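Down below is the structure, laid out as structure tokens.
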Amino acid sequence: MTKDQWRGMKLVQAVMARVDSAKDVLTGGVPEVSIFWREEDFGGIPMKARLDKLRMADILDLKTFGNVMSKEVVSAVANEIARHR
């Protein structure tokens, strides 16, 4: 991990510690849960997902992305999804 990545993680940690709803989401539940299923609409293709946090009431799956072009956040996220599926 680079120094910049470490600083970025510490910044996210500090911001989330100040947001009451984020604290609630990050407590309790089971971390790093893998789920597996077959997608019958596509010929039974095996699928999998790795969730960051699973609780009875909700699911948390955090993602990060690069915004090297300094785009508006919604556009940057849409671009990353389109590029990386």
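For the list (1) over 25 Å from ASP4 (Cα atoms); (2) open to solvent by less than 100 Å² (accessible area, probe 1.4 Å); (3) more than 16 Å from the chain's Cα centre (by Cα), I need the number of the one condition that VAL30 fails.
If we test VAL30 against (1) over 25 Å from ASP4 (Cα atoms); (2) open to solvent by less than 100 Å² (accessible area, probe 1.4 Å); (3) more than 16 Å from the chain's Cα centre (by Cα), just (3) comes out false.
Taking the condition of a type in the set (Lys, Arg), open to solvent by 90 Å² or more (accessible area, probe 1.4 Å) and within 16 Å of the chain's Cα centre (by Cα), does LYS10 pass? I'd like the intermediate steps shown before the answer.
Details: of a type in the set (Lys, Arg): yes; open to solvent by 90 Å² or more (accessible area, probe 1.4 Å): yes; within 16 Å of the chain's Cα centre (by Cα): no.
Criteria not met by LYS10.
State all residues of segment 18-39 that are closer than 12 Å to LEU60 by Cα, without any contact (Cβ under 8 Å) to a residue 12 or more places away in the chain and among the small types (Gly, Ala, Ser); if no residue qualifies, say none.
The one that is closer than 12 Å to LEU60 by Cα, without any contact (Cβ under 8 Å) to a residue 12 or more places away in the chain and among the small types (Gly, Ala, Ser): ALA22.
Applying the selection to segment 25-58, what residues are assigned to a loop (DSSP other than H, G, I, E, B) and of a type in the set (A, V, I, L, M, F, W, C)?
Just the residues of segment 25-58 that are assigned to a loop (DSSP other than H, G, I, E, B), to begin with: 27-29, 43-44, 55-58.
Passing the criteria: MET56, ALA57.
Applying the selection to segment 60-71, what residues are loosely packed, with under 10 Cβ neighbours inside 10 Å and of a type outside the set (S, T, N, Q)?
Selection gives LYS63, GLY66, VAL68, MET69.
Here are some residues: ALA76, ALA22. Which one is at pLDDT 80 or above, open to solvent by less than 70 Å² (accessible area, probe 1.4 Å), part of a helix (DSSP H, G or I) and on the phi < 0 side of the Ramachandran plot? Full working, then the answer.
Working: ALA22 fails: at pLDDT 80 or above.
When all the criteria are applied, what remains is ALA76.
Restricting attention to segment 19-59, report how many residues are charged (D, E, K, R) and touching a Phe, Trp or Tyr at 6+ places or on another chain (Cβ under 9 Å).
First pass over segment 19-59, keeping only residues charged (D, E, K, R): 20, 23-24, 32, 38-41, 48, 50, 52-53, 55, 58.
With the extra rule that they be touching a Phe, Trp or Tyr at 6+ places or on another chain (Cβ under 9 Å), the set shrinks to 48.
The qualifying residues number 1.
Give segment 39-59 a look and list any residue that's surrounded by 11 or more Cβ atoms within 10 Å (Cβ to Cβ) and over 19 Å from ARG85 (Cα atoms), or say none.
LYS53, LEU54, ARG55, ILE59
The values are calculated or read from the model by the stated rules, or taken from the named source; none is laboratory data. Worth saying up front: this structure is predicted, and the values here are computed from it rather than measured. Backbone-built Cβ (ideal geometry, glycine too); neighbour counts: all protein chains shown. Just the protein is used for accessible areas: all its heavy atoms, side chains included, with ligands, DNA and RNA removed. Shrake-Rupley method; radii C 1.70, N 1.55, O 1.52, S 1.80 Å.
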